[in-house]
1. Pick out the one residue from G53, G11 that is on the phi > 0 side of the Ramachandran plot and touching a residue at least 12 places away in the same chain (Cβ under 8 Å).
2. If I filter segment 62-79 for residues that are in contact (Cβ under 8 Å) with a residue 40 or more places away in the chain and of a type in the set (F, W, Y), do I get at least one hit?
3. Would it be correct to say that K73 is open to solvent by 70 Å² or more (accessible area, probe 1.4 Å) and in contact with a Gly (Cβ under 6 Å, 6 or more places away or on another chain)?
4. Taking I22 as the residue in question, decide whether it is assigned to a loop (DSSP other than H, G, I, E, B) and either open to solvent by 30 Å² or more (accessible area, probe 1.4 Å) or within 16 Å of I70 (Cβ to Cβ) (or both).
5. Do you know which of the residues in segment 1-19 that are more than 19 Å from E59 (Cβ to Cβ) and in a strand (DSSP E or B) is least open to solvent (accessible area, probe 1.4 Å)?
6. Tell me, which residue of segment 33-58 that is touching a strand residue (DSSP E or B) at 6+ places or on another chain (Cβ under 9 Å) and in a loop (DSSP other than H, G, I, E, B) is nearest to V14 (Cα to Cα)?
7. Which residues, counting only those in segment 26-43, are surrounded by 14 or more Cβ atoms within 10 Å (Cβ to Cβ) and either modelled with pLDDT of 95 or more or closer than 13 Å to A67 by Cα (or both)?
8. Of everything in segment 1-11, what is among the hydrophobic types (A, V, I, L, M, F, W, C) and at pLDDT 95 or above? Give them in sequence order.
Amino acid sequence: MKYIMFEDFSGAPVPVIFPNRINFDEMREQMPYTTALSAGYVSLGPEGFRCHGKSKELELEANPADAAVIADKFEDVTS
């Protein structure tokens with residue numbers, strides 16, 4: 001899966017995860033947030049989430065710290 005990490009209107013990071021068949025720039029156009037912080041690929045394995053790669057279209061790359069943000073968002077939903 002692909003992801004883009006945005007900064008929301010309060011300054012908090014917000015991940016948007018989407019299928020590989022959607023281009024980064026196509027997803028970026030759909031989001032109301034003005035700032036995209038990072039972008040790349042996310043996978044879930046035995047050790048948790050892993051962010052890697054980059055978006056050539058957006059000129060952004062994955063930040064290893066993004067994995068913790070994504071994991072926190074899933075914990076918020078399940079608790």
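The values are calculated or read from the model by the stated rules, or taken from the named source; none is laboratory data. What you see is a predicted model; the values in this text were computed from it and never measured. Reconstructed Cβ throughout: ideal geometry from the backbone, glycine too, with neighbour counts over all protein chains shown. Each accessible area value is taken on the protein alone, full model and side chains, heavy atoms only, with ligands, DNA and RNA left out. Shrake-Rupley method; radii C 1.70, N 1.55, O 1.52, S 1.80 Å.
1. The unique qualifying residue is G53.
2. So far as segment 62-79 goes, no, none of its residues is in contact (Cβ under 8 Å) with a residue 40 or more places away in the chain and of a type in the set (F, W, Y).
3. Spelling it out, it is not the case that K73 is open to solvent by 70 Å² or more (accessible area, probe 1.4 Å) and in contact with a Gly (Cβ under 6 Å, 6 or more places away or on another chain).
4. yes
5. Among those residues, the one meeting the criterion is V14.
6. Step by step, filter segment 33-58, then rank; the result is Y33.
7. Of everything in segment 26-43, those that are surrounded by 14 or more Cβ atoms within 10 Å (Cβ to Cβ) and either modelled with pLDDT of 95 or more or closer than 13 Å to A67 by Cα (or both) turn out to be M27, R28, A36, L37, S38, A39, G40, Y41, V42.
8. The answer is M1, I4, M5, F6.
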